[in-house]
1. Among 58/169; 68/366; 356/393; 222/317; 222/356; 58/366, which pairs are too far apart, with a Cα-Cα distance over 27 Å?
2. For an R0 of 51 angstrom, estimate the FRET efficiency from the Cβ-Cβ distance between residue 163 and residue 374 and round to the nearest 0.05.
3. Kindly put 173, 343 in sequence by how many other C-beta atoms sit within 10 Å of each C-beta, fewest to most.
4. Collect residues whose amide H, placed 1.01 Å from N in the peptide plane, falls under 5 Å from the amide H of residue 375; neighbours closer than 5 in sequence don't count.
5. Could you order the peptides 206-213, 289-296, 42-49, 97-104 from most to least packed, using the average number of other C-beta atoms within 10 Å per residue?
6. Between residue 10 and residue 412, what is the label-to-label distance in nm when each label sits 7 Å out along the Cα-to-Cβ direction?
7. Please find, in a Gaussian network model of the chain (springs between Cα atoms separated by less than 10 Å), the residue of 34, 306, 12 whose mean-square fluctuation is greatest.
8. When a footprinting reagent is the concern and you count Cβ atoms within 10 Å, what order do 317, 108, 356 take, fewest first?
Amino acid sequence: MPVPLPPDVDPRWFADRLIQLTDSAPFTAFRWKRGGLYAGEVVGCVQLGRIRINILPKLDTAEPERDKSFLLNLLRSAGYLSYPHQSSAEVRAETIDPLEAMVFEVAKEMANALREGHPRRYEEVREDSSVLRGRIDFTRLSTRLPGSAIIPVRHSLLGVNNQLAQVLKGIATFLHRITRSAVNRQRLGMILSTLSTVDNKVVSVAQVDALVLSRYEMRWSKTLAVGRLLLSGQSPDPTFGGRNQAFSLLFPMQHLYERALRNILATAVDGSGTSVKSRSEPLFLFVDEEEQSGVVRLRPDYVFTRGEKPVAIADAKWKRASESGAAHGIKREDFYQIHAYLTRYKVSEAVILVPKAPWMPGTWTKSYRDADTNAQVHLIGVDVEGLVSRSAKARESSYELLTRMLGTVLPE
C-alpha cells in the first residue's frame, strides 16, 4: 500500500533513506514506484528522525485501531509478545503502538527480573596487588625486575559490573532513547538507575549472541531475545546518527501468519487423534546418485500425523483469495509446491490455509482433485483475526469453525 508522508517532507529523499535503512533485511520492505513510496508485505514500525511510520495489516474495514489490535494480537500469538495489551479506548493510544508494545515487553521483563536481584557473575580480573590472591600471572611477572613488592595476579570476583549486566544496561539505554511513551521511559529510567554501578557500553547484536546464560540466569533470556530483535533494527549507517536517528522493527506478514498458526492448528485438532508438526524433518524431492545427497528440499509448514504416520500436509499462505477467477487467485507455483508435497510425503490430502476474506461465509472450503491419483487439495479460509482475538467468545467461535472445516478435509 502507498505510505502517506507529511507535506513538508521530500518523498524521494525520504524513500531513499527508508530503503537504505531496510536494505539489509532479508525481505523487501519498501518500493518506490510510480512516483510514490509503497510498503511491501511487512508489518511493524520504522522511525526516521522525527517521523515514525506504523505499518499495519489490512483488514476488511478502514479501522486503524482494529488493525493495530490485530497486529498486537498476532505478535502475541506468534510468540513475540507475552503480555496482553489493552485497546486504545481503555488506555492512552501510544500503548497500542507496535514498537511501544515491544519496548513495554522488555522493560517489564527487566523490572521483574531485577526484583530477584542484580545479574551477578564471576569474571576474571587482572591487576597488580601487594597481597597474593587468586593466581600469579607468571607471564607478566617474568617481564619485571626482581625485588618488586607488587605482584601481577589474576582472580575472579562476584560482582554486578559484568558482561551480562553491561549488555542489559545497553539494551535499556537504547530503548530509553527510542521510546516515546512516558510510561516506558519512566520504567526504563528506574532500571537504568538500578544499574547505575554498571559501565555504560554501546551494545551490538553480536555481543548479545555471544552471551551464554547459566541455569541461574534464565530469567534474562526473554529480555535478551526481544532486546536482540530490537537492536537488529538499528541502522549501521553513521549518517543516521544524532537527531536523524533511524530504527526499524519489521516482520513479514507471511512469517507472522505461519508462526501464529502453529499453536492454533495444534489446538484445533486436539482430541481428534490427529496431531500436527510444524518443524518436521525435511524430505528431498530427488537424490543425487553420485553424491548420495538430497536435491530440492521439501518442508511443508505443517504435517498432520496419526500414530506418527503422515496423513495430510498443509501450507499457510498470507494471500487474499479472490471471489472469482481460476483457483480463487492462488498462484500456479503454489499448486506445484503442494503437488510435490503430496507425492513425496505419500499422502492424499493437502490444505492451503488462506486468511478469510469478507466475501467468504462462516465456513469456506474449496477442493480440487488430481484426476490421476484422486489426491485432493483443499483451500480453507481462516479467520485469523478471531483466532488471535483477546475476546474469549470470538476465539471460541473461530476455533469451532476451524475445527469443523479441518474435520471435513482431513482423512478419518
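Every number in this text was worked out from the coordinates using simple rules, so none of it is lab data. Keep in mind that what you see is a predicted model, and the values were worked out from it rather than measured. Note that we place each Cβ from the backbone using ideal geometry, even for glycine, and neighbour counts take in every protein chain shown.
1. In this structure, 58/169; 68/366; 222/317; 222/356 exceed 27 Å between Cα atoms.
2. Rounded to the nearest 0.05, the efficiency is 0.25.
3. With the fewest neighbours first, 173, 343 line up as 343, 173.
4. It is 370, by chain and number.
5. Output ranking for 206-213, 289-296, 42-49, 97-104: 97-104, 42-49, 206-213, 289-296.
6. 7.1
7. Comparing 34, 306, 12 in the GNM, the peak value goes to 34.
8. The order, fewest Cβ neighbours first, is 108, 317, 356.
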